[in-house]
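See structure below.
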Amino acid sequence: MERRVVERIVQISDGRSGRKTRVDATSWASRFRLLLDLSRDAFIETDRHGVLTEWNRQSELLFGWSRDEVIGRSIEDLLVPDRFARRFADDFGTALAMGDTERTRPRELRLLHRAGYEVPVHCSAYVVGSGAGLRIGGFVRDMSRDSAAEEALAHAYLHDSLTRLGNRTLFTYRLSYALAKATNSPGSVAVIVLDLDRFKAINDGLGHEVGDQVLVEVAARLTALEGGADVIARLGGDEFLVLFEGLDADHHALEFSKQILGALQAPISVGVGEVFLSASIGIASTDGEITDPTPLLSNADAAMYQAKRRGGNAVEVFGEAIRAHVLDRMTTEHSLHRAIERSELRLYYQPVVDLRDNQVVASEALLRWEHPEQGLVGPDRFVPVAEESGLIIPIGAWVLEQACAQLRSWQSRGWARRAGSVEINLSARQIDDPEIVRTVERVLFDSGVSPEHLTLEITESALMHDARSALHVLRALKDLGVTLAIDDFGTGYSSLSYLQRFPLDIVKVDKSFVSELGGNPDGAEIVAAVV
C-alpha cells in the first residue's frame, strides 16, 4: 500500500539488542537539519553530479547564499573560482572513485562568496552511499576566522590588557633575540626599568580605578616620546620596561630616560582632579659578556632601586659602584641570616631623662650587630637590608621580646620606677605585617609588662608609606594600651594634621632641627611651632 512521504518509516538497528526501532523519517530529517544548523562550521553536501543537496545555516553566513537558493544547483557554478575549476573537478572525481569506503583527505581551498571575493577554508569531506544514492559531504571551516582568533589570542598572550603595551613575555622574547644577535661591543643592548614613585598612595587614597587611569596615561606618554625605543612594555603594577638595541643603545636609553622624567612632570587629569607623578629609572646595558635577559634586567632593577633610595625622580645607570653596593647587600643579607642563628644581635639601652628633675623615666632600645669580623655594626648598615629581605619581621619580634623582658627584670629588682617604660622602633615593613598587633599582644602577655610601659616609635616616612593601613594598625595598637610616638618628625611630607589624624602620644622632632637650637633661629621657630 502506498503511503505519503510524511508517513514513511525507516528502520534503524540497535547494535546492542538487534531490535528494530521505527522512526518517523520526516521527524528524523528535521532533527538532523537542526543539528547541522547548530554547528559552528559550514556543512555542504552534493550528489554524484556535484549538485548541492544540503546547506546549513553556517553555510548561509559564510558564503552569502540561502539554502533555498543553492539546493539543486551545481557547486562548481556557485562556489568554485574559475582558476580552481580543473583541480576541483579532479578532486571530485577522486572522491567518486573512492566510493563509500574511504574518506577524502582534508584540504585547504578557496571558495567564492556570493559577493565575488574568495574565502579561505579548510574542508574535511566524506563519501557515503553508492550508485544514484552516493553523496559527498563535509564540514567547511573559515580559516580567516581561525586566523583572526589565533592572532587575538597571541596578542592577548603577549600584551598587557590595561595599557595595550607589551608584557613581560613579549619583552623577554625581544630582549633574548636582541642579545642573541648583538655584537660583542658594549652598550649594543640596553634596558630601562621604570617604577612610579609613591603610586601605592594613589591606589590606596583614590582607588584602583583612578590608578588604572594613571597607568594608561603613563603608557600613552611613553609611546609618544621620541627616541626610537624598540619595545615598551608594562612589567606589572606600576613598573615599565623599555628596550633599545643597536649602535649606542646605552646612550639612546639614557636620553630616553631623561625625556620620561620630563613627560611625567605635567599633571595627569583624573576624575577627582589632578595627579602629579615622578619615577625612579634604572638603566643597564650589555658589557660584551651578558647573553641572557635575567642578569641584564637584574642590573637595571638594581639601578632603579638606587634611584628610589635617592628619593625618586631620578635616573641611575648600572655601573661598578652599584654592582659593589648590590654585592655588599647580598653579603650582608646572608650574614644577617647567620647572625640570627648565632645570636649575634645585641640590644643597648639609651636612657630618657626628664629635664625637670633629671630622673630617668624610660629607656630606648637600640639594636646593634656584634659582627665576628667587623665588630659592632650600627643599624644603618643592616636594618635597610633586613627591611628589604623581610628579616626585619623576626628581628623586630626578637627586639620586642628582649626589651620587654629586660624592662620587667629592672622593674622586679626595683631599678626602674613603676612609671618607667621602654621605647622600641617599628619599621614600615613591621607596620605592614598582618601579625604585628598579635605579636605585641603576645610579648606583653609573656613578659608581664603592662601596655602603658611600652612605647612604640614609628618614623614619619614609615607612617606615610601606606597611611590608610598605618592608621588601622596604630588604632589597633592603641586599643592594646601601648604608647605611640612619631619619630624624625619634620623630615618628610610633614603636616600637623597627621598629629590629629593618627592616635599619637609623643612627637619626636627630627635631630636636624633640635641640634641647631640656639644657633639657627629658623630651626628654633620650627620646633616651637610643633611644640
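The values are calculated or read from the model by the stated rules, or taken from the named source; none is laboratory data. Quantities reported herein were computed from a predicted structural model and do not represent experimental measurements. All Cβ positions, glycine included, derive from the backbone under ideal geometry; neighbour counts span all protein chains shown. The protein model used for the area step is the full one, side chains on, heavy atoms only, and it has no ligands, DNA or RNA in it. Shrake-Rupley method; radii C 1.70, N 1.55, O 1.52, S 1.80 Å.
A compact table of results
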quantity: Options E364, E423, E388: the member that is open to solvent by 40 Å² or more (accessible area, probe 1.4 Å) and either in a strand (DSSP E or B) or acidic (D, E) (or both); calculated: E388
quantity: Filter result for T163 (surrounded by fewer than 14 Cβ atoms within 10 Å (Cβ to Cβ) and either at pLDDT 70 or above or in contact with a Phe, Trp or Tyr (Cβ under 8 Å, 6 or more places away or on another chain) (or both)); calculated: no
quantity: Residue satisfying condition, being surrounded by fewer than 16 Cβ atoms within 10 Å (Cβ to Cβ) and over 30 Å from D204 (Cα atoms), within set R329, R342; calculated: R342
quantity: Some residue of region 78-96 being closer than 24 Å to A132 by Cβ, at pLDDT below 70, open to solvent by 70 Å² or more (accessible area, probe 1.4 Å) and under 57 Å from the mean Cα position of the chain (by Cα); calculated: yes
quantity: Conditions (1) open to solvent by 50 Å² or more (accessible area, probe 1.4 Å); (2) at pLDDT below 85; number of the one not met by I71; calculated: (2)
quantity: Per-region count, region 39-66, residues touching a residue at least 40 places away in the same chain (Cβ under 8 Å), under 47 Å from the mean Cα position of the chain (by Cα) and assigned to a loop (DSSP other than H, G, I, E, B); calculated: 3
quantity: Test: residue in region 175-189 that is touching a Phe, Trp or Tyr at 6+ places or on another chain (Cβ under 6 Å) and under 17 Å from L296 (Cβ atoms); calculated: no
quantity: Positions within region 391-415 being crowded, with 19+ Cβ neighbours inside 10 Å, over 32 Å from the mean Cα position of the chain (by Cα) and within 14 Å of T439 (Cβ to Cβ), in sequence order; calculated: V399, L400, Q402, A403, C404
quantity: Residue check for G237: open to solvent by less than 60 Å² (accessible area, probe 1.4 Å), farther than 17 Å from L277 by Cα and touching a helix residue (DSSP H, G or I) at 6+ places or on another chain (Cβ under 9 Å); calculated: no
quantity: Per-region count, region 466-488, residues touching a residue at least 60 places away in the same chain (Cβ under 8 Å) and assigned to a helix (DSSP H, G or I); calculated: 3
quantity: Unique residue being at pLDDT below 90, out of contact with any helix residue (DSSP H, G or I) (no Cβ under 8 Å at 6 or more places or on another chain), open to solvent by 20 Å² or more (accessible area, probe 1.4 Å) and under 29 Å from D287 (Cα atoms) when the list is L247, L254, L261; calculated: L247
quantity: Test: N358 is in contact (Cβ under 8 Å) with a residue 40 or more places away in the chain and on the phi > 0 side of the Ramachandran plot; calculated: no
